[in-house]
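The values are calculated or read from the model by the stated rules, or taken from the named source; none is laboratory data. The structure displayed is predicted, hence computed values, not measured ones. Positions of Cβ are backbone-derived with ideal geometry, glycine not excepted, and every protein chain shown enters the neighbour counts.
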Amino acid sequence: MPCLTAPSVRVLLALALAAACCLAPVAAPAATVTDMSGKTVVVPDTPRRVYALSPPDALLVYAVAPCRLAGWNYPQTSAARAWFAPCARDLPVLGGFFAMGMTPDKEELLKAAPDLAISGSMAKSNSDFDAFFAGAGIPVVHIESESPEDYPRALRLLGGLLGDKERGEALAAYADRTLADIRQGVASIPEDKRLTVYYAEGGDGLYTDGRGSFHTLVLELAGGVNVHPSPQTRVYGMDKVTLETVLGYAPQVILAQDAKCRDLILASPLWREIPAVRAGRVLNIPDLPLNWFDRPPSFMRLLGLKWMAHTLYPEVFPYDMVQETRDFFKLFWNRDVTEAEARTLLGQPDADKP
């Protein structure tokens with residue numbers, strides 16, 4: 001057997017180590033972040049596949065880094081899907097951890113191989129996810145996403161987390177400016193001049209959400225007075241009421257969840273004694289690509305705030321909503337929207353008149 005010299009041995013050892021490194025799994029570089037719950041979390045330095053536990057959080061991730069999503073947690077409508085970037089349009093629907101104990105198909109979720117999970121406000125009602133992600137070795141970062149007022153901080157956190165601080169900052173700065181402008185305007189409206197509003201949901205318009213519910217935050221932030229006083233008792237919301245109750249509320253404005261609900265209210269003789277109906281103040285919420293007000297409560301609420309404030313108080317908020325819509329879609333959706341398309345998105349030729 002030939003004798004190996006010391007230099008030969010060193011060369012062979014180096015080759016063996018190189019081969020071992022090629023075969024062994026390489027751990028992703030790690031970073032440490034403090035999430036919005038105050039918890040310190042070790043995360044991949046640049047997460048590649050992100051799973052969000054509830055719709056508001058998935059949509060915030062989409063706004064910052066659409067191609068990082070590993071999948072959706074709820075099915076998108078065909079009308080909505082047309083607006084999404086190609087990399088996110090046909091992602092699998094994995095389900096989510098939200099609303100009355102809902103859980104995803106965990107086997108399919110693991111097959112999607114996320115390297116980071118984002119937990120938001122809606123997931124608080126479902127504690128099942130902690131043990132699952134811990135067991136799978138997937139770090140969980142918590143953001144607050146219940147209110148539009150949470151968005152500036154959440155967007156900055158996600159921008160840093162997903163490797164695009166510049167975009168996160170641009171979106172957060174828009175949210176900051178919008179919220180500051182709305183607060184300033186609403187503060188100038190005397191309490192006795194603020195319009196009372198009924199939020200009509202469901203096929204018959206006789207479901208609603210009360211004051212303080214995250215489902216109606218856009219209305220309240222924009223200076224409207226929610227006529228339904230009952231607090232939110234479940235994540236999904238939608239309290240059943242009677243027409244007699246709505247008649248008693250005598251709202252000055254009715255905010256209809258969709259066009260079908262609005263048309264029913266306007267056509268029904270049973271609703272005609274309500275001040276809002278008599279005055280022609282039954283509004284249909286714009287809902288493309290997503291509802292601008294609620295269900296799901298998404299970043300579209302920032303544009304919805306401007307629409308709501310301008311619609312209720314045009315003298316205080318003299319926004320050019322066509323231009324506002326075009327600017328918003330350019331920033332948040334990376335889409336150039338024409339003036340005609342913006343008018344279609346706004347949906348109501350009389351949207352400027354509450």
**Request:** Would you tally the residues in the range 156-169 being in contact with a helix residue (DSSP H, G or I) (Cβ under 7 Å, 6 or more places away or on another chain) and in a helix (DSSP H, G or I)?
**Result:** 8
**Request:** Can you tell me which residue within the range 216-252, out of those that are in contact with a strand residue (DSSP E or B) (Cβ under 9 Å, 6 or more places away or on another chain) and among the charged types (D, E, K, R), is surrounded by the fewest Cβ atoms within 10 Å (Cβ to Cβ)?
**Result:** 240
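In the list 153, 211, which residue meets the criterion of being under 19 Å from residue 301 (Cβ atoms), among the charged types (D, E, K, R) and assigned to a loop (DSSP other than H, G, I, E, B)?
When all the criteria are applied, what remains is 211.
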**Asked** Does at least one position in the range 50-66 carry a residue that is surrounded by fewer than 17 Cβ atoms within 10 Å (Cβ to Cβ), at pLDDT 95 or above and of a type in the set (A, V, I, L, M)?
**Response** no
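Within the range 253-297, work out how many residues are acidic (Asp, Glu) and surrounded by fewer than 14 Cβ atoms within 10 Å (Cβ to Cβ). Working first, answer last.
Start the filter on the range 253-297 by keeping residues that are acidic (Asp, Glu), which leaves 258, 263, 273, 287, 294.
From what is left, the residues that are surrounded by fewer than 14 Cβ atoms within 10 Å (Cβ to Cβ) are 263, 273.
Looking only at that region, the number is 2.
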**Item:** Flag for residue 201 being free of Cβ contacts under 8 Å to residues at least 12 places away in the same chain, within 21 Å of the chain's Cα centre (by Cα) and buried (at least 16 other Cβ atoms within 10 Å of the Cβ)
**Value:** no
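In this structure, does residue 168 turn out to be crowded, with 18+ Cβ neighbours inside 10 Å, more than 30 Å from residue 114 (Cα to Cα) and not aliphatic (A, V, I, L, M)? Give the derivation first.
Numbers: crowded, with 18+ Cβ neighbours inside 10 Å: yes; more than 30 Å from residue 114 (Cα to Cα): no; not aliphatic (A, V, I, L, M): yes.
No, not satisfied.
Based on this model, can you work out whether residue 205 counts as assigned by TED's automatic domain parsing to the domain that holds residue 312, farther than 27 Å from residue 44 by Cα, of a type outside the set (A, V, I, L, M) and in contact with a Cys (Cβ under 8 Å, 6 or more places away or on another chain)? Break it down stepwise before answering.
Details: assigned by TED's automatic domain parsing to the domain that holds residue 312: yes; farther than 27 Å from residue 44 by Cα: yes; of a type outside the set (A, V, I, L, M): yes; in contact with a Cys (Cβ under 8 Å, 6 or more places away or on another chain): yes.
In short, yes.
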**Request:** Considering each residue of the range 61-118, count those that are in contact (Cβ under 8 Å) with a residue 60 or more places away in the chain, touching a strand residue (DSSP E or B) at 6+ places or on another chain (Cβ under 8 Å) and assigned to a loop (DSSP other than H, G, I, E, B), and give that number.
**Result:** 5
**Prompt:** Does the range 311-318 contain at least one residue that is modelled with pLDDT under 95 and over 23 Å from the mean Cα position of the chain (by Cα)?
**Reply:** no
**Asked** Do any residues in the range 280-307 that are among the charged types (D, E, K, R) have Cβ atoms under 6 Å from those of residues that are modelled with pLDDT of 95 or more, where the two are at least six apart or on different chains, and which pairs are they?
**Response** 281/253; 301/148; 301/218; 306/319; 306/324
**Prompt:** Given 129, 214, which one is touching a Leu at 6+ places or on another chain (Cβ under 7 Å) and within 27 Å of residue 73 (Cα to Cα)?
**Reply:** 129
